[in-house]
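Below is one structure, written out as structure tokens; the observations come after it.
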Amino acid sequence: MPGTFRETMVQLLATVMIPLSVAGTGIYYTRWQQNLNDLKTMIDLVSDQNPEKRKYGVAMFEYLLKNDKVPVEFVAAQLAFANSSSDKELLPLMEQALLKASAQNSKVEITFREALERLPSRVFVHTQDDTQRVCVRSLIGKMRDTDSTGMVIPGYARATWSGEGHELRVFLTSDLARGKELADMFNNVGLNVAVKDLSAAEGSAAKARPNTFELWFGTAAVPASCTV
């Protein structure tokens with residue numbers, strides 16, 4: 001009798017669990033498929049030629065981020081696309097969406113940093129004259145391809161300060177290692193650059209974008225390699 005009872009219970013559990021397992025698998029697949037559809041729709045909108053549709057895509061990007069529906073690979077790909085887009089407003093809009101989403105979902109901040117670390121480092125260059133500006137372009141041309149492709153210069157600015165040496169300024173503690181790598185790239189092609197750690201400066205980390213640096217030229221002469 002006990003054996004028959006156990007067999008009956010096993011059969012009963014199997015009868016109940018199989019439909020539940022099938023239903024659970026179906027729900028999981030449906031959600032997975034919906035997530036893929038949402039990501040595809042977002043990507044289609046962001047890459048659309050119509051600027052208004054791109055704005056809808058950015059809004060959808062923010063919504064999906066808040067709900068943990070955008071893997072880091074997709075974030076990196078979208079930022080890379082925005083970084084190379086002819087629409088100069090797209091990258092700032094997507095970064096704003098990431099910052100807004102991170103205010104509601106702490107996981108987004110980690111995703112944002114991981115995505116930015118996969119992109120080329122941004123180095124804003126501050127020179128005191130045109131000679132230094134031409135020098136930077138010449139030095140980057142002398143770098144190894146693996147070095148130069150890992151860095152992008154979004155812009156140049158004219159700035160005068162009292163320092164003699166040239167500085168690569170770092171604003172986040174987590175970017176110090178990368179900052180040293182960038183400084184070594186310039187040192188290897190003849191420009192003596194020191195790393196300036198500004199991560200402890202008041203308000204620096206709060207305003208800084210990860211993987212973003214500033215190269216400041218001092219009053220020292222440019223290296224001879226700039227004219228060779």
Gain in span if fully extended, Lys53 to Asn37, counting 0.36 nm per residue against the direct Cα distance
4.1 nm
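Which value, in debye to the nearest 20, describes the size of the charge dipole of segment 22-159 about its Cα centre when Lys and Arg Cβ atoms bear +1, Asp and Glu Cβ atoms bear -1, and nothing else is charged? Could you put the intermediate results ahead of the total?
Details: 18 positive and 17 negative charges, 18 e Å.
Dipole of segment 22-159, to the nearest 20 debye: 80 debye.
By the scheme Lys and Arg +1, Asp and Glu -1, what is the net charge of all other residues having a beta-carbon under 14 Å from that of Ala76?
Values: positive: Arg113, Arg118; negative: Glu73, Glu95, Glu114, Glu117.
Result for the local shell: -2.
If each residue of separation counts as 0.36 nm, what is the full-extension length gain between Thr219 and Gln128 once their alpha-carbon separation is subtracted? Write out the running numbers ahead of the final one.
Numbers: separation 91, 0.36 × 91 = 32.76 nm, distance 0.78 nm.
Contour length minus Cα-Cα distance gives 32.0 nm.
For Ala201 and Glu117 in one chain, what is 0.36 nm times their gap in residues minus the Cα-Cα distance, to one decimal in nm? Please list the in-between numbers first.
On the way: separation 84, 0.36 × 84 = 30.24 nm, distance 2.25 nm.
Additional length available on full extension: 28.0 nm.
Values quoted throughout were computed directly from the atomic coordinates according to the rules given, and no laboratory measurement underlies them. Please read all numbers here as calculations on a predicted model, not as lab measurements. Here Cβ is always computed from backbone atoms with ideal geometry, including for glycine, and neighbour counts include all displayed protein chains.
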